[in-house]
1. Go through the range 110-135 and give me each residue that's more than 9 Å from the chain's Cα centre (by Cα) and either closer than 16 Å to N22 by Cβ or in contact (Cβ under 8 Å) with a residue 60 or more places away in the chain (or both).
2. Regarding G86, is this residue in contact with a strand residue (DSSP E or B) (Cβ under 6 Å, 6 or more places away or on another chain), at pLDDT below 65 and not aliphatic (A, V, I, L, M)?
3. Mind listing just one residue for me: the one in the range 25-71 that is modelled with pLDDT of 90 or more and not in a strand (DSSP E or B) and, of those, surrounded by the most Cβ atoms within 10 Å (Cβ to Cβ)?
Amino acid sequence: MKLLRLIATCLLAWGATAATPNHVWKMGKLLDVEEAREVAGAGATEMSTGRMATAQAGVVYATIRGFVISGDDFVWMVRIRAIPRGLLHPRVTLPNVTINGRILYCFEKGRFYVQDDDAKEFEMTVMRKRAVTPADLAPPTKQ
């Protein structure tokens, strides 16, 4: 029995480490952040409290946050779409970032990842990318 428990523990530990990817992070600058909401659908939930059961229905909104990240070779326009898990859990987790601050990002195998200020990793969707031009690298002129 102890041997079976030891094998199960080793397999779980190996699976947890194998599932965590080791990304090659690059340092970039977060230029801008925009946020919007869209209707993600209608949600219904049933809640039971003691002897009484109630049903609620409502509209579920998705929060879409777009980021403009300037890297070494490209300027990336990426977004994340967060949908609440239900009417009882309306909070969604979005990246905690600083505009005009440094940000860690990674683009591997067609997937874009960002590490926020709290060292949490988020997968994003690439909307566009453009090559960095000399105008992007020049310091702003005073007027």
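1. Correct list: R111, A119, M127, V132.
2. Working: in contact with a strand residue (DSSP E or B) (Cβ under 6 Å, 6 or more places away or on another chain): yes; at pLDDT below 65: yes; not aliphatic (A, V, I, L, M): yes.
Answer is yes for this residue.
3. So the residue we want is G71.
The values are calculated or read from the model by the stated rules, or taken from the named source; none is laboratory data. Since the model is a prediction, treat every value here as computed from it, not as a measurement. With ideal geometry, Cβ positions are generated from the backbone for all residues, glycine too; neighbour counts draw on all protein chains shown.
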